[in-house]
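Undergrad: Here it is, the structure in full.
The values are calculated or read from the model by the stated rules, or taken from the named source; none is laboratory data. Values in this document were obtained by computation on a predicted structure and should not be read as measured data. Neighbour counts run over all protein chains shown; Cβ positions are idealised from the backbone, glycine included. The area values use the complete protein model at the heavy-atom level, side chains included, leaving out ligands, DNA and RNA. Shrake-Rupley method; radii C 1.70, N 1.55, O 1.52, S 1.80 Å.
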Amino acid sequence: MNVPTSTAQITTVEDAVVALGEGATLLAGGSWLMRSSSKPSSVVRAALLPELGGVRAERDAVSLGAVLTHAQLAAVAPHAALRALTEAARQSAFPQARNVATLGANIANARFPEGDLVPALLAAGAELELASGDGRSTVPIAEYLLTRHARRRDELIVRVRVPLPAARTSDFVRLTVRKAGEYALASVAVSIDLNDRFVTSARVAIGSVEARQRLSPEAGQALVGSAIGDAAAIADAMAALAETLEPRDAVDGPGWYRASVTPVLLKRVVRRLTSSIA
Amino acid sequence: MTHSFVVNGRTFQTGADPMTPLFTVLRDEVGVTSPKLGCGEGRCGACTVLVDGSPVASCLFPVANAADTQITTVEGLSRPDEPLTAVQDAMLSCGAVQCGACTPGIVMTLTALLDEQPEPDEDTVRTALVGNICRCTGYHKVVDAAMCAAETIKSRA
């Protein structure tokens, strides 16, 4: 039987990549690893990798360290383009979970269709900075999610870059069975670029409804060209979204229920956005 | 390999496996038994302790991540020969303690809340308590206790 060890001396991403390639597991907050029935034989503590930490302002963007917790994300200086993400982080789960669960693990976990941060990042057009034995790369999150279940063993997410154009605003809503605290039955993130009150581009993303979080190009397109809050545009977007849903059944709720509430959540997010601009 | 951390002001070292829950190390090695095992999967909050001032579910917190942190449990809030804290007093005087299983976790969550937000409104208190499940009280008197403790702390300031 392997005696688990901790590789506490690893403090660089490059050394972490080597260790992961040799079979170590990255330990972030631990809330998933600690619930799994098998324990890793050796771990690399993400908290000890400085490159994975902190919030860095960039030109018209922000770079978020992968080890930032939901609580830390919720406290990032507000910018309307970032609101979907800070709201997702703030509304998710409950304090004990938000204080340890990280941005990177929320994205990388292939068995976590409920992850709240992912739809917000999809709507924001976020990019992931990755490191592996092949070196560094930058990948749009939508592309990463397609192969999330089959990434290299030695790859880790270092940072997440979120563009912050001045004319962009965003928001996020989630629905749980009870009032709060649980994984969402369905979540919707919307990010909109405005010219005066007119929508020039829009991204709608859904989470927990289907097997994988994703963008809904049809719903986003239906919002473009109208004034924000326009009832007909919202109705079109809801219908466009509903038409493409392939909802999943799970113990907390059946697929037909998720599909029925998701378009309503889209309407709620757009209305929240509309009143925040007023 | 050993992990070193401070529990209620005293430095402690453990050679436990890095993935051992902090909960287990606290109860079995350090000897603080206030955190309780409820669900064992980080949802009920009965195991809540503070790590560097933030509430965490100690049953899901790997002891490796506790290295070089300051951990606070109920035992660290007031000594046996000292008065109880405002939160502890309020939980008693407001009738917020029934079976007591959730109480240590709730006390830690409320202690952290009032440290960070000394004058919360009721909605803020309820939101802060989402990670602490209580089967007995229905939460009303717990919220009362939080508001009462905030008043007491404010009047002592």
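Undergrad: Treat each spin label as a single point 7 Å out from the Cα along the C-beta direction, and report the B:A157 to B:S93 distance in nm.
TA: The modelled label-to-label distance comes out at 1.8 nm.
Undergrad: At R0 = 35 Å, how high is the FRET efficiency between A:L146 and B:R135 if r is their beta carbon distance? Nearest 0.05 is fine.
TA: 0.20
Undergrad: I would also like to ask the following. What is the percent of Cα-Cα separations in the range A:190-267 that go past 22 Å?
TA: Percent of Cα pairs beyond 22 Å in the range A:190-267: 24.
Undergrad: Ignore the peptide's own chain and count Cβ atoms of other chains within 10 Å of each Cβ in B:52-64; give me the average, rounded.
TA: Mean shielding by partner chains, rounded to a whole number: 6.
Undergrad: What does the buried accessible surface come to for A and B, summed over both chains, with the probe at 1.4 Å? Round to 100 Å².
TA: Values: alone 12930 and 8230 Å², together 19260 Å².
For A against B, buried area totals roughly 1900 Å².
Undergrad: Follow-up. How high is the relative contact order of chain A? Use alpha-carbon pairs under 8 Å, at least six apart in sequence, and give a whole percent.
TA: In percent, rounded to a whole number, it is 16.
Undergrad: List the pair-distance distribution P(r) of chain A, using every Cα-Cα distance, as the percent of pairs falling in each 5 Å bin from 0 up to the bin containing the longest distance, rounded to whole percents.
TA: 1, 6, 13, 17, 18, 16, 12, 8, 5, 2, 1, 0, 0
Undergrad: Could you work out the helix-only [θ] at 222 nm for the protein assembly as shown, with each DSSP H run of four or more residues adding -39,500 (n - 2.57) and the total divided by the number of residues, to the nearest 500 deg cm²/dmol?
TA: -9500 deg cm²/dmol, from helical runs alone.
Undergrad: Which whole-Hz ³J(HN,Hα) couplings does the range A:208-215 yield from phi under the Karplus relation 6.51 cos²θ - 1.76 cosθ + 1.60, θ = phi - 60°, glycine and proline marked x?
TA: Along the range A:208-215, the couplings run 6, 6, 10, 5, 9, 5, 7, 7 Hz.
Undergrad: Quick check: from the Cα gyration tensor, does the range A:21-174 come out rounded (a/c under 1.5), prolate or oblate?
TA: prolate
Undergrad: Hydropathy first: keep DSSP H helices in chain A averaging at least 0.0 on Kyte-Doolittle, then drop any whose Cα extent along the axis falls short of 27 Å, and list what survives.
TA: A:255-277
Undergrad: For the range B:1-152, report the accessible area per residue in Å² (1.4 Å probe, heavy atoms, rounded to an integer).
TA: Spelled out: the 1.4 Å probe surface of the range B:1-152, per residue, equals 44 Å².
Undergrad: Would you work out the relative contact order for chain B, in percent, from Cα pairs under 8 angstrom that are 6 or more residues apart? Display every interim value, and only then the final one.
TA: Values: 272 pairs, mean separation 37.5, N = 157.
In percent, rounded to a whole number, it is 24.
Undergrad: Taking the simple approach of a point 7 Å from Cα along Cα-to-Cβ for both A:A235 and B:S4, what is their distance in nm?
TA: 6.9 nm
Undergrad: Which far-off residues, 5 or more places away or on another chain, put their amide H under 5 Å from the one on A:V158, with H placed in the peptide plane?
TA: Result for A:V158 returns A:E129, A:L130, A:A131.
Undergrad: Kindly provide the Kirkwood hydrodynamic radius of the range B:84-150 in Å, to one decimal, from all pairs of distinct alpha carbon atoms.
TA: 11.4 Å
Undergrad: Across the range A:164-170, in residue order, what do the Karplus-derived ³J(HN,Hα) couplings come to in whole Hz, using 6.51 cos²θ - 1.76 cosθ + 1.60 with θ = phi - 60° and x for Gly and Pro?
TA: For the range A:164-170, the Karplus-derived couplings read 10, x, 4, 8, 9, 9, 7 Hz, x marking Gly and Pro.
Undergrad: Taking H as built 1.01 Å from N, whose amide H comes closer than 5 Å to the amide H of B:T20, not counting residues under 5 places away?
TA: Here B:V63, B:A64 satisfy the definition.
Undergrad: First compute the accessible area of the protein assembly as shown with a 1.4 Å probe, then give the percent of it belonging to carbon and sulfur atoms.
TA: Numbers: 10010 of 19260 Å².
The C+S portion of the solvent-accessible surface of the protein assembly as shown is 52 percent.
Undergrad: Mind ranking A:188-200, A:35-47 by how tightly packed they are, going by the mean number of other C-beta atoms within 10 angstrom, highest first?
TA: Output ranking for A:188-200, A:35-47: A:188-200, A:35-47.
Undergrad: Could you give me the ³J(HN,Hα) list for the range B:119-126, computed from phi with Karplus coefficients 6.51, -1.76, 1.60 and θ = phi - 60°, whole Hz, x at Gly and Pro?
TA: Each residue of the range B:119-126 in turn: 10, x, 8, 4, 4, 5, 5, 4 Hz.
Undergrad: For B:122-134, what's the mean count of beta carbons from other chains sitting within 10 Å of each residue's beta carbon?
TA: For this peptide, the per-residue mean of nearby foreign Cβ atoms is 3.
Undergrad: What value in Å³ per residue do you get for the convex hull of the alpha-carbon atoms in chain B?
TA: 106 Å³
Undergrad: Mind checking A:197-209 for the average number of partner chain beta-carbons within 10 Å of each residue's beta-carbon?
TA: Mean number of neighbouring Cβ atoms from other chains: 0.
Undergrad: Specify the angular offset, from 0 to 90 degrees and rounded to the nearest 10, of the alpha carbon long axis of helix B:103-116 from the longest principal axis of the alpha carbons in chain B.
TA: The two axes meet at around 80 degrees.
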